[in-house]
Amino acid sequence: MAIIGLSGCSVKVPQYNSSADNVVQLRKIGVKVSIGTFTATKSEKETLCRLARTVVVPHGLTFEKYIENAFKEELKMANKYSNESNIIITANLNNLKASSGIASTGYWSFDMTIKSNNGKSFNIVSQYIYDTSFAGAIACNEMMPDAFKPAVQKLIKEIISNPQFDSLITD
């Protein structure tokens, strides 16, 4: 009976908002970019925290759709997004791993392939490490879900700062 009670409990990751650092970096690119569909090898809307609490993406989105929307928001804030652009960036979330840790740190880890319609692509692995708590209620209700947004901000920063990103946004 306890498992049934716990299985219905879920905690949402925060809504995304752009990172000032990412916006500054994106303002340096000389073109406007469009975002296509982000896919995933294994599309998921939730992950378990310590087998007791489900961490979910807001509005029933998948993790890859959250990242797609986040990337689009960063470009819009930098005034570098255009639906009309000839440059279309897509991505595949090859793997997503999350841990709330039991000792002192947890992590969100992303393995993604970033692609352009110009035929070029590159792979990136990004890991965001955060402080966590031994207490499951704190780790799963607050720390793990709250760490997702800065983890995505870091992922996008690593994508747009990667020297190979320039090759995606040229014809």
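The values are calculated or read from the model by the stated rules, or taken from the named source; none is laboratory data. What you are looking at is a predicted structure, and each value in this text was computed from that prediction instead of being measured. Positions of Cβ are generated from backbone atoms using ideal geometry, with glycine treated the same way; all protein chains shown enter the neighbour counts. Each accessible area value is taken on the protein alone, full model and side chains, heavy atoms only, with ligands, DNA and RNA left out. Shrake-Rupley method; radii C 1.70, N 1.55, O 1.52, S 1.80 Å.
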Inset, instruction - Quick one: what are the phi-derived ³J(HN,Hα) couplings along the range 159-170, Karplus 6.51/-1.76/1.60 with θ = phi - 60°, whole Hz, x for glycine and proline? - result: 5, 6, 8, 5, x, 6, 4, 4, 5, 6, 10, 10
Legend entry - the range 9-86: antiparallel DSSP beta bridges as a percent of all, rounded to 5: 50
Inset, instruction - In a Gaussian network model over the chain where Cα atoms closer than 10 Å are linked, find which of A70, A52, A98 has the largest mean-square fluctuation. - result: A52
Inset, instruction - May I ask for the net charge around Y81, where only other residues with Cβ less than 14 Å from the Cβ of Y81 are counted and Lys, Arg are +1 while Asp, Glu are -1? - result: +1
Inset, instruction - In a Gaussian network model over the chain where Cα atoms closer than 10 Å are linked, find which of I159, I67, I102 has the largest mean-square fluctuation. - result: I102
Legend entry - q = 0.10, 0.11, 0.13 Å⁻¹, the range 79-171: log10 I(q)/I(0) [Debye, one scatterer per Cα]: -0.35, -0.41, -0.53
Inset, instruction - For the chain, with a Gaussian network of springs between Cα atoms less than 10 Å apart, report the residue from M144, M77, M112 with the top mean-square fluctuation. - result: M77
Inset, instruction - Please figure out what share of the DSSP beta bridges in the chain is antiparallel and state it in percent, rounded to the nearest 5. - result: 75
Legend entry - Computed label-point distance, nm, for sites N83 and R27 using a 7 Å Cα→Cβ extension: 2.6
Inset, instruction - Towards the positive end of the charge dipole of the range 17-153, with charges on Cβ (+1 Lys, Arg; -1 Asp, Glu), say which of I129, L96, M143 has the farthest Cα. - result: L96
Legend entry - Point-charge dipole on Cβ atoms (K/R +1, D/E -1) for the range 55-96, about Cα centre, debye to 20: 40
Inset, instruction - Take the solvent-accessible surface of the protein heavy atoms, probe 1.4 Å, and return the percent of it on the chain that carbon and sulfur atoms account for. - result: 52
Legend entry - Selection from N162, I67, T105, by position along the positive dipole direction of the chain (Cβ): I67
Inset, instruction - Only Lys, Arg, Asp and Glu count, each charged at its Cβ (+1, +1, -1, -1), so figure out the dipole size of the chain about its Cα centre, rounded to 20 debye. - result: 120
Legend entry - Principal-axis tilt of helix 63-77 within the chain, Cα atoms, nearest 10 degrees: 50
Legend entry - the chain, helix-only ellipticity at 222 nm - DSSP H runs n ≥ 4, -39,500 (n - 2.57), divided by all residues, nearest 500: -9000 deg cm²/dmol
Legend entry - Label zone at D171 (point 7 Å along Cα-to-Cβ), backbone N below 15 Å, the range 65-79: none
Legend entry - Per residue solvent-accessible surface (Å²) - the chain, probe of 1.4 Å: 51
